[in-house]
Amino acid sequence: MKRTLLILLLMTSMKISALSQSFSFKSIEQKIIELADSIQAKGPLDLLHIIDSLEKKKQPESGLYAKYWHCYALYRLGNYYAKNDLPESKKIIEKAISILIADTKRNSEDNVLLGMLTSYSIKFYPGNATTLSAKARKFYDIAIGQDAKNMRAYFAIARTDYNKPVEFGGGKIVEQNILKALSLKNSNPENLAAPTWGREDAYKLLITFYIREERLKDAQIFCNKALQEFPTSAQLKEMKKNLEK
């Protein structure tokens, strides 16, 4: 697997791609998400190329989001490798963490992502779950202190709590934080490179939570609300179909 990754990285450095020629921080979020969502079918080559391009970008070019998108792409790549190569996933996630930790000027979005990466690293260090969960929450709280209207911070808190085992107090603050996230606007008109992801994910997590709690009527209500906002979402359509069985 490591040899395959090395070959892919060498190929990306040699590849003259349309992705690099049309590289724009205004569309980078959509590109990363599309490539990450199709990675199982198409492989990681194009996502690796994006990561390589982002690593070479200078911070001022992106309006303070070069490191963010670099680390977000690493996060999605690490998630891909976690399925079949946990050591490689660990290396990728820890690289992203080290990049953000070293940044002394992290903004609210950076701290949310750092919290998510820290929470994700529980997968590699299950014995440190309590410590890592607390550390992730600290980054989320810092993010909210910087921007109390950052919906991704509340979503991340909810997801971390959802994934915490019930016997350790998990699941108690999922609903309130997702509802808070969904109550906030998801836009940053001052910087087109800023992230906008998370709203559809928040809906899906809330629906999944309600199903887990056997609150099927609430799950149906929010599934219908979600589909009003995201009518083309295949996952939401599948959720609605399953809820109607």
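Across all C-alpha atoms in the range 57-160, the radius of gyration and Dmax reach 13.3, 40 Å.
Within the assembled protein chains, the solvent-accessible surface assigned to I33 is about 50 Å², based on a 1.4 Å probe. What do you get for trypsin sites (Lys or Arg not before Pro) in the range 125-224 restricted to DSSP loop and a cutoff of at most 10 other Cβ within 10 Å of the site's Cβ? Sparse-neighbourhood loop trypsin sites (Lys or Arg not before Pro): K172, K185.
When the GluC sites (Glu not before Pro) in the range 149-203 are filtered for DSSP coil states and for at most 11 other beta-carbon atoms within 10 Å of their beta-carbon, the remaining sites are E190.
Over the range 54-136, with every protein chain in place, what whole percent of the accessible area is carbon and sulfur at 1.4 Å, could you tell me? Kindly include the intermediate steps, with their values, before the conclusion.
Working: 2050 of 3740 Å².
Here it works out to 55 percent.
Rounding to the nearest 20 debye, state how big the charge dipole of the range 117-245 is about its Cα centre with +1 on each Lys and Arg Cβ and -1 on each Asp and Glu Cβ.
Working: 21 positive and 14 negative charges, 19 e Å.
With Lys and Arg at +1 and Asp and Glu at -1, about 100 debye.
If you take all other residues with their beta carbon under 14 Å from the beta carbon of L100, and give Lys and Arg +1 and Asp and Glu -1, the sum is +1.
Tell me the carbon and sulfur percent of the accessible area for the range 202-245, rounded to whole percent, probe radius 1.4 Å. Write down the numbers at each step before the final one.
On the way: 1430 of 2790 Å².
C and S atoms contribute 51 percent here.
Could you work out how far apart the two model spin labels at L86 and Q176 are, taking each label as a point 7 Å from the Cα in the direction of the beta carbon, and quote it in nm? If labels sit at L86 and Q176, their model points lie 3.4 nm apart. Between T130 and K241, the modelled label-to-label distance comes to 4.4 nm, taking each label 7 Å out from Cα in the direction of the beta carbon.
Go ahead and run the numbers for FRET between Q40 and Q146, Cβ-Cβ distance against an R0 of 30 Å, rounding to 0.05. Walk me through the numbers before you get to the answer.
On the way: r = 35 Å, r/R0 = 1.16.
It comes to 0.30.
When averaged across all projection directions, what area in nm² does the alpha-carbon convex hull of the range 113-245 cover? Provide the component values of the computation, followed by the final result.
Details: hull surface 35.9 nm².
Averaging across all directions leaves 9.0 nm² for the Cα convex hull.
Evaluated on the range 117-193, the Kirkwood hydrodynamic radius is 13.2 Å, with distances taken between all distinct Cα atoms.
Would you mind checking K31/K83; K31/K240; K180/K204; K138/K172; K135/K225 for any pair whose Cα atoms are more than 25 angstrom apart? In this structure, K31/K240; K135/K225 exceed 25 Å between Cα atoms.
Between E213 and N79, what length in nm is gained on full extension when 0.36 nm per residue of separation is reduced by their alpha carbon distance? Intermediate values should be presented prior to the final figure.
Numbers: separation 134, 0.36 × 134 = 48.24 nm, distance 2.64 nm.
Here the segment from E213 to N79 would lengthen by 45.6 nm.
The residues of the range 75-189 present an accessible area of 49 Å² per residue when probed at 1.4 Å with all protein chains retained. With R₀ fixed at 25 Å, the C-beta to C-beta distance from Q228 to Q30 puts the FRET efficiency at about 0.70.
The values are calculated or read from the model by the stated rules, or taken from the named source; none is laboratory data. Treat the numbers as computed from the prediction; the structure is a model and nothing was measured. Glycine gets a Cβ as well: all are built from the backbone with ideal geometry, and neighbour counts include every protein chain shown. Just the protein is used for accessible areas: all its heavy atoms, side chains included, with ligands, DNA and RNA removed. Shrake-Rupley method; radii C 1.70, N 1.55, O 1.52, S 1.80 Å.
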